[in-house]
Amino acid sequence: MNSSQYPSGTHAYLPFLYVIWSDDLLSASELEVIRLAITSDKELPAAARKLLLGWINPDTPPSAATQKHWRELIRESGASYREETAYPLSELSSAVGKALDPERGTPPDLTVLEQNLGIQPNHYRHVFEQYSAPRSFSEYYDGTLLAQHHLGKAYSVYRSLDSLWEQKDFRWEIQRNKEQHRQRVSRQVKHLANKGYGALAYPEGSGGKNDMPSYAAVFENLVFLDGSLCVKFGVQFGLFGGSIEKLGSEKHRKAYLGKAGTLELPGCFAMTETRHGSNVRGIHTTATYLHESRELVINTPGPDDNKEYIGNALEARMATVFAQLIVGGKRHGVHAVLVPLRDASGEVLPGIRVEDNGYKLGLNGVDNGKIWFREVRVPVDNLLDRYGGINAEGEYSSELKNSNKRFFTMLGTLVGGRICVGKGALAGAKMALGIAVRYALRRRQFNDSKRMQEDLIMDYPSHQLRLIPRLASCYVYQAALDEQMENYQQLTGGDTQKLEAQVAGLKAIITDFANDAIQESREACGGKGYLLENRIADLRSDIDIFTTFEGDNTVLLQLAAKGRLTDFRTAFNSDDFFGVLRLLRTQAARRLGAINPVYVNKTDREHLYKPAFHQHAFEYRTARLTYTLALRIRDYIKKGLPAYQAYLKVQAHFLALGRAYSEEIAYQSYRRVCEGITDEKHQALFDRLGALHALERITADMDWYFEQGYVGKRKSKAIKRRVERLTTELRPHVASLVEGFAIPEELMQQVPIARDH
């Protein structure tokens, strides 16, 4: 067979037809794009139009022999393309048309196909045996503009820190001696305090700017240099200083907050205990009021009731100690008390014992320790009394009469620290992924033995699937954390339980994601990722603990699930699960109705990329898990089990609901960011990132969606293939996506496998 057997006008379409059929991912909407292009070509002879339309009929696809012949014709034409052009496949098609059909004149402009089908060079480079070295990245998107959309107001904070990374004491170095590491981190924190960064979130009267989002932006930036610096910074200014601001009254802020912000008063946050872990309500340390002397006596009753894993323990001069408050022989629940630990010369005060926790898996620049108190007396004024205090007559009083509400309100004010933990972990993931991507754009390996130059590992589909969906998730999760931080900044009191539950779930899924992304990045860099000099090893060790401090993720996911059931929570305490079911049945009816069979099997590109589909999928999963969870608990209650035992029976279900609810919240936040982008070019990119994240998350839970009848077999396959397709579409822009993280270039240049050569 030779080219003369095809009617004039056919040949320019052959490269597109060959790519489309070899890709084997034709949907109805894509076929319609091709059909419109063919029927709109007014210069196309009728015979050519009829043949081309026959070739795009999915019921009678072109044979393997026909497709092979197309390829031979394309190769014989001698046409080639340039990957640096905006539409390389259209350029190739035009060249093929001119070579094989010279009498027809100017071939049609087929760029509309390349635009609407999302075809990228890495879809067809192997098809046409284009052996010239491809461009490793596209400059279509400006990384700076991506960063501004991605980070919003925090972008200016990021850039304000650039001069910091040029200083000698803020260059990254391998640290293996914990004493030297701690000294270095202490110097760095002091420098940050002198620059005013530590007090950013404090009121103006205490030397700050009342700007918690900017403080959080500084916090996450510090991970790019050293996780220990980030954590030490957070302990001093976020936990210790934040507890004074949020739990104390004006007298405490006036006396201590300014000094905490300048590091004149080094402090720590002593909540967790060895025996009780993160069960704050069950801690054993006591603060007993003595009316005669107007003092509180702080005591650790048993050897395992000590404060454990306390950051800054070996340097702090004061601690915010959480203890059971006892007044007149009656317990009033957990309260916070400021307890001096050391004198001005750094000597530990009488009645206090501090021990070093020693070397840890990571974060060895942070001086974690254990603290015991033996009948330590402090003035009653040291009680942080915003939510409960002791009057002149020695009587306890609080505006919040319910002890449970008082406890959760007190902890809710500290939720900003939990948001920062999520942000710090996400920054670690970004740094690791950034290093892995830059390495993959440089490292070459294997080929088909016909070429002198090996392939970039970034051009392997398997490598793209390892990294690019995780890049997309970083953009989504950043939006979620930023929105929660803004919500926290705007808190003016009242019930914080909804915010606390949402933040708990986001912290859990994002820190889990961060550890997964860092590990995948390490493996994606092979042996180079295992070397300390390339940073990923330390990132993996440092970020690991983020899954358990500020709350163990398993516990936090259950808290998120309970938060999803706000009305259910009250009923849970009263065993009124029948009332709960009536409520949930009303709320869930719209989402839990029978799914239209057409919807279950809808596989076209437009539908699968549409945010409405993603949002519905997330909402459906949350609603279904909520409803079935309530049903299961009701059944256990009807059988006579106490509410607490019923809860334990469905703990795994709670975890699934907590994760589903958190993923739904994250995606909603991201969509609000996308809708606020007025630049169509960048909005389109952010939409694709959101689609990739959503489809990848749906794929991760595909067994569940399949069991529930939400997706059919065809749709399940189509979603998985769309993840692959979106990943390859985003491949040319990975360098820009990493630039969008705004990781300090000075720090990237200190990583051998990530620096420019």
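A count restricted to segment 465-501 and to residues that are at pLDDT below 95 and open to solvent by less than 40 Å² (accessible area, probe 1.4 Å) stands at 5. With respect to G261, is the statement that it is open to solvent by less than 20 Å² (accessible area, probe 1.4 Å) and either of a type in the set (D, E, K, R) or in contact with a Lys or Arg (Cβ under 8 Å, 6 or more places away or on another chain) (or both) true? No: the conditions fail for G261. Do the conditions hold for N210, that is, is it of a type in the set (S, T, N, Q) and at positive phi? Against the criterion (of a type in the set (S, T, N, Q) and at positive phi), N210 qualifies.
Quick grid of which residues meet (1) within 27 Å of L222 (Cβ to Cβ); (2) in contact with a Ser or Thr (Cβ under 6 Å, 6 or more places away or on another chain):
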{"position": "S243", "(1), (2)": "yes, yes"}
{"position": "K246", "(1), (2)": "yes, yes"}
{"position": "S249", "(1), (2)": "no, no"}
{"position": "K254", "(1), (2)": "no, no"}
{"position": "L257", "(1), (2)": "yes, yes"}
{"position": "G267", "(1), (2)": "yes, no"}
{"position": "R275", "(1), (2)": "no, no"}
{"position": "R281", "(1), (2)": "no, no"}
{"position": "T288", "(1), (2)": "no, no"}
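Evaluating G234 against the criteria (1) within 22 Å of the chain's Cα centre (by Cα); (2) open to solvent by 20 Å² or more (accessible area, probe 1.4 Å) leaves one unmet condition, (2). Tell me whether segment 419-436 contains one or more residues that are more than 20 Å from the chain's Cα centre (by Cα) and either modelled with pLDDT of 80 or more or open to solvent by 10 Å² or more (accessible area, probe 1.4 Å) (or both). No, the conditions are met nowhere in segment 419-436. Can you say whether R281 is modelled with pLDDT under 95 and basic (K, R), as far as the supplied structure shows? For R281, the condition - modelled with pLDDT under 95 and basic (K, R) - is met.
D59 meets the conditions (1) charged (D, E, K, R); (2) modelled with pLDDT of 85 or more; (3) over 41 Å from the mean Cα position of the chain (by Cα) in every case but one. The failed one is (2). Per the listing A79, A48, the residue uniquely open to solvent by less than 50 Å² (accessible area, probe 1.4 Å), of a type in the set (A, V, I, L, M, F, W, C) and assigned to a loop (DSSP other than H, G, I, E, B) is A79.
Could you pull out the residue among Y710, Y644 that is in contact (Cβ under 8 Å) with a residue 40 or more places away in the chain and not acidic (D, E)? Residue meeting the stated conditions: Y710. In the set Y599, Y620, Y644, only one residue is aromatic (F, W, Y) and farther than 28 Å from K713 by Cβ; that residue is Y644.
When segment 401-413 is filtered for residues that are under 35 Å from the mean Cα position of the chain (by Cα) and either open to solvent by 30 Å² or more (accessible area, probe 1.4 Å) or farther than 15 Å from L556 by Cα (or both), the ones remaining, listed by number, are S403, N404, K405, R406, F407, F408, T409, M410, L411, T413. Hey, can you tell me all the residues within segment 508-523 that are open to solvent by 10 Å² or more (accessible area, probe 1.4 Å) and over 10 Å from the mean Cα position of the chain (by Cα)? Listed by number, the residues that qualify are N515, D516, Q519, E520, R522, E523. Counting only residues that are modelled with pLDDT of 95 or more and over 28 Å from A313 (Cβ atoms), segment 168-182 holds 0 of them.
The values are calculated or read from the model by the stated rules, or taken from the named source; none is laboratory data. Since this is a predicted model, take the numbers as computed values, not measurements. A quick note on method: Cβ atoms are made from the backbone with ideal geometry, for glycine too, and the neighbour counts reach across all protein chains shown. Surface accessibility is based on the protein's heavy atoms, side chains included, excluding ligands, DNA and RNA. Shrake-Rupley method; radii C 1.70, N 1.55, O 1.52, S 1.80 Å.
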